[in-house]
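A.B. asks: I'd like to ask you about the structure that follows.
FYI, it's all coordinate maths here, none of it is from the lab. Quick caveat: nothing in here was measured; it's all calculated off a predicted structure.
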Ligand SMILES: [Zn+2]
């Protein structure tokens, strides 16, 4: 099956500002909340735009799950639930 030109797997890219941004795969992209975390009542997967408070620059855009007891601030997802790719944007533990 052809899934358009959208990525089959997630990846993490680094912007010119040094921000780590998850590039979602097509399945994850379809599930993401398009308000980018602004809606506080949203439950599900979202991709907030996080800013470094010291530099006031975009620091990272992880994938965050909101639901159950974790509607705010939510839980950062380490792996895509669809393609299984590593989508960590914080420091690697390895
Ligand atoms: Zn994915």
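A.B. asks: Taking square-rooted eigenvalues a ≥ b ≥ c of the alpha carbon gyration tensor, is the range 11-76 rounded, prolate or oblate, where a/c under 1.5 means rounded and, failing that, a/b exceeding b/c means prolate?
C.D. replies: Oblate shape, in that a/c is at least 1.5 and b/c is the bigger or equal ratio.
A.B. asks: A further question on this structure: Between residue 69 and residue 86, 0.36 nm times their residue separation minus their Cα-Cα distance comes to what?
C.D. replies: Extra length available between residue 69 and residue 86 comes to 3.7 nm.
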